[in-house]
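Before any comments, here is the structure.
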Amino acid sequence: MDLLDRIKQIGSNYNLTEEDLYDEVASEVADNKRRDGLWIKALSQCSMDEEKAKPLYIKFRVESLRDEIKKLLSELKINERNEYIKLVEAAKHDRQLAADELVKANNDRSAASQLLIEAGLRIEAESSELRLKYEKKNDDLNIKIQALEHEYSTDKLLWENKIKKISKLNNQLEIAVITLFFALMGYIIWYR
């Protein structure tokens, strides 16, 4: 299973590491699954010297894979968020249905009060039981909504932290790429 499939399976909570990226590229290289466009780009930047182009290709492929994963994680996050919103909406709908049933039960109770004179304690017991049933359902729905809201808040904080980490990693990667570029340029200048 390749890295993108593993991420799809785990979801947006996948903890991507630099090692994952390089492992995936190493597997691609070992299986001779080369991206021709990136290979040509690497060759063109190395005066068509294949030995010099190989590490540059790896760098380009890691960057490309990182972009693919970033896009995938973003899509997964949106899909998971939409699923969460659907769950919240369904819970709200259920809560409204319960509230409507409670109103109906209260209306039934009013009607039962009219009949209480004729039916006595039997009708009062049925009405109380019905009211307790609907209140319990409403309480259960409130608990579900509170749990979903708490889960949403927790997920939101996790995503904000992940975004900060990704941003930090991107900054570190940019610095590493610039440093590598200048080192490579110095090496090229020195040995020419």
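Points worth noting:
- Most fluctuating residue given options Leu115, Leu102, Leu148, as computed from a GNM of the chain linking Cα atoms under 10 Å: Leu115
- In degrees, nearest ten, helix 50-119 long axis to first principal axis of the chain (Cα): 0 degrees
- Computed from Cα positions, the angle between helix 121-190 and the longest principal axis of the chain comes to roughly 10 degrees.
- Under a Gaussian network description of the chain, with springs only between Cα atoms under 10 Å, the residue in Arg61, Arg34, Arg81 that fluctuates furthest is Arg34.
- Computing FRET efficiency as 1/(1 + (r/R0)^6) for Glu83 and Thr17, where r is the C-beta to C-beta distance and R0 is 25 Å, gives about 0.45.
- Isotropically averaged projected area of the chain, using the convex hull of Cα atoms (one quarter of hull area), nm²: 15.2 nm²
- Placing a label point 7 Å from the Cα of Lys59 along the Cα-to-Cβ direction, the residues of segment 1-36 with a backbone N closer than 16 Å are 22.
- Note on Arg35 and Asp94: the model spin-label points, each 7 Å out from Cα along the C-beta direction, lie 4.4 nm apart.
- Under the criterion of Cα pairs below 8 Å and six or more residues apart, the relative contact order for the chain equals 17 percent.
- Axis angle, to the nearest 10 degrees, between helix 36-45 and the longest C-alpha principal axis of the chain: 40 degrees.
- Label-point gap, in nm, between Glu75 and Thr179 - each point 7 angstrom along Cα→Cβ: 3.4 nm
Readers should treat all values here as calculations from the given coordinates under stated rules, not as data from a laboratory. Predicted model only: the values in this text are computed from it and were never measured. Cβ: placed from backbone, ideal geometry, glycine included. Neighbour counts: every protein chain shown.
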